[in-house]
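Please read the structure below before turning to the comments.
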Amino acid sequence: METITIKAGDQRYPVHVGYGILDHLQSFLESEYPQLTSILIITDETVGELYLEELIHAIGYKQIYSKVVPAGEKAKTFEVYYDCLSFALEKKLDRRSMILSFGGGAVGDLAGFVAASFMRGIPFIQIPTTILAHDSAVGGKVAINHPLGKNMIGAFYQPVGVFYDLNYLTSLPKAEVRSGFAEVIKHGLISNHPFYDWLKEQVESLDATIPNPLMIECLTKGIKVKARIVEVDEKEAGVRAYLNFGHTLGHAIEAEVGYGKITHGEAVAIGMVFALQLSSQTYNFEFNTTEFIQWLKHLGYRTELPEGLSIERLLGRMKQDKKSYGQSVRFVLLKEMGQPIVSEVADEFLIENLEIFKRQGGL
């Protein structure tokens with residue numbers, strides 16, 4: 001087990017990573033929350049069916065309720081959010097209650113926002129079950145979706161702890177493994193050459209990483225990159241925006257294709273390739289993009305825009321991105337490896353490069 005301490009504003013909390021981590025949850029609750037009155041577990045249909053009873057048994061607490069929500073982005077709607085709040089009220093949760101988020105990134109976003117808004121905020125713990133959640137479970141960004149934009153309704157609300165038991169990763173579908181590992185790759189690109197080079201050298205296949213000690217190292221390295229950024233910018237007033245590398249186009253693709261029809265990480269992978277193209281054009285960033293694309297394809301990623309997407313509609317989606325101001329699209333680009341920068345990109349330049357990107361099939 002490895003424990004990483006996250007510092008966010010005045011808060012500090014542990015992120016425990018390893019195999020069998022769940023065994024430590026009960027003692028954490030007993031020592032840190034002796035006056036706990038009740039627990040609400042929010043999980044999704046897939047994880048709930050596989051592991052909910054196991055989690056309830058591991059907690060060993062008498063007053064536990066569970067709320068099962070749809071899997072994936074379908075959980076992050078106003079209707080599901082309202083339903084969770086209603087359930088919490090019906091079960092008479094109070095300010096000494098706690099919410100456990102048990103699942104992937106979507107469940108974490110939803111459960112965290114429920115915790116942030118119920119009685120103006122009650123504690124919650126993240127129990128990630130996907131690789132993608134190594135990123136989303138840390139840092140306190142919680143939200144639901146709006147039809148006009150992803151993660152547009154939410155808050156900055158830190159968990160009181162993260163228990164990342166990698167045993168859960170063994171049941172992940174291959175698409176979800178790729179989705180989560182894209183965020184690890186992102187952390188490598190925005191941090192430094194050694195991390196990125198180490199990833200390319202060590203990870204030749206995503207099939208071989210689970211279960212494997214290599215996955216612990218990949219995930220802890222990625223979490224540490226995010227921890228350093230969150231420590232200096234909890235609420236995305238500056239450098240935290242760097243964590244959105246690949247996400248501006250990635251979120252637009254997700255919205256246009258339809259949430260759930262392409263995984264978040266696979267859309268971000270396409271967005272990263274495009275961001276590298278813009279980085280080369282804007283800052284003469286010297287990077288072997290061809291080699292990078294070959295590595296992505298070898299790992300099973302697509303690197304081109306999905307068929308049938310309108311460039312004009314993608315542009316419209318990107319104007320709704322949270323980094324955009326006054327309808328000006330802003331991208332996270334790289335000046336050098338490990339030197340990201342948020343840049344305003346003119347519409348004409350963006351359309352021109354999207355047309356090139358589409359024509360060349362993702363370069």
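Nothing in this text is a laboratory measurement; each read-out follows from the coordinates by a stated rule. Since the structure is predicted, the reported quantities are computational estimates derived from the model, not experimental observations. Backbone-built Cβ (ideal geometry, glycine too); neighbour counts: all protein chains shown.
General observations
- For region 217-281, average projected area of the Cα convex hull in nm²: 5.6 nm²
- Shape annotation for region 2-171: C-alpha extents along the principal axes are 41, 37, 33 Å, from largest to smallest.
- Estimated 222 nm signal from helices in the chain, with DSSP H stretches of n ≥ 4 weighted -39500 (n - 2.57), rounded to 500: -14000 deg cm²/dmol
- With at most 12 neighbouring Cβ atoms within 10 Å, loop GluC sites (Glu not before Pro) (DSSP) excluded, longest segment of the chain: 1-203
- The lysines within cross-link reach of Lys141, meaning a Cα-to-Cα straight distance under 17 Å and a gap of 8 or more places when in the same chain, are Lys7, Lys76, Lys150, Lys224, Lys226, Lys235, Lys322, Lys323.
- Binned Cα-Cα distances of region 1-86, short to long, each 10 Å bin given as a whole percent: 14, 36, 40, 10
- Remark: region 239-363 projects, on average over all directions, an area of 7.1 nm² (convex hull of Cα atoms).
- Axis of helix 289-298 versus longest Cα principal axis of the chain: the two differ by about 50°, to the nearest ten degrees.
- Computed P(r) (all Cα pairs; region 208-248; 5 Å bins; percent): 6, 22, 21, 18, 14, 11, 7, 1
- Evaluated at q = 0.07, 0.10 Å⁻¹: base-10 log I(q)/I(0), Debye formula over Cα of the chain: -0.28, -0.59
- Distance from the Cα centroid of region 247-268 to that of region 32-72 is 29 Å (rounded to whole angstrom).
- Relative to the dominant Cα principal axis of the chain, helix 78-90 is inclined by about 10°.
- Of the trypsin sites (Lys or Arg not before Pro) in region 242-302, the ones in a loop by DSSP (not H, G, I, E or B) with at most 14 other beta carbons within 10 Å are Lys261.
- Crossing angle, helix 247-257 versus the chain [Cα axis fit, 0-90 degrees, rounded to tens]: 80 degrees
- Measure of compaction for region 294-363 (Cα Rg per 2.2 N^0.38 Å): 1.23
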